[in-house]
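Here is the structure we will look at.
What follows is calculated from the coordinates using simple rules that are stated; it is not laboratory data. In this text, all values refer to a predicted model and were calculated from it rather than measured experimentally. Positions of Cβ are backbone-derived with ideal geometry, glycine not excepted, and every protein chain shown enters the neighbour counts.
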Amino acid sequence: MAIKLHKLPHVEYVWEITGATDLFIRAYFKDVDELNDFLHTLGNQYPEIETVITHVVLGSYRNPKAWF
């Protein structure tokens, strides 16, 4: 599924993760309508996707130091 989804327009990254959620997708949209269209595409073209949870970034802060 991750391989299919990473090829979609607007998608920058797809991570396969552990826990209650299987995938984490980072995607960019110019407005809410574009996001809504993307979500409808997921629902219509990928019936194996049971649940979608969205989060909108309101601010971003980055530590430029390396982790190690």
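Key figures
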quantity	calculated
Qualifying positions in region 1-29 - part of a loop (DSSP other than H, G, I, E, B) and touching a helix residue (DSSP H, G or I) at 6+ places or on another chain (Cβ under 7 Å)	His10, Phe29
Every residue from region 33-60 that is within 20 Å of Ala20 (Cβ to Cβ), surrounded by 10 or more Cβ atoms within 10 Å (Cβ to Cβ) and hydrophobic (A, V, I, L, M, F, W, C)	Leu39, Leu42, Ile49, Val52
Selection from region 41-68 of residues that are of a type in the set (Asp, Glu) and without any contact (Cβ under 8 Å) to a residue 24 or more places away in the chain	Glu50
Residue selected from region 1-27 under the condition without any contact (Cβ under 8 Å) to a residue 24 or more places away in the chain and of a type in the set (D, E, K, R), by the criterion nearest to Val57 (Cα to Cα)	Arg26
Hits in region 3-22 (condition: surrounded by 14 or more Cβ atoms within 10 Å (Cβ to Cβ) and of a type in the set (A, V, I, L, M, F, W, C))	Leu5, Leu8, Val11, Val14
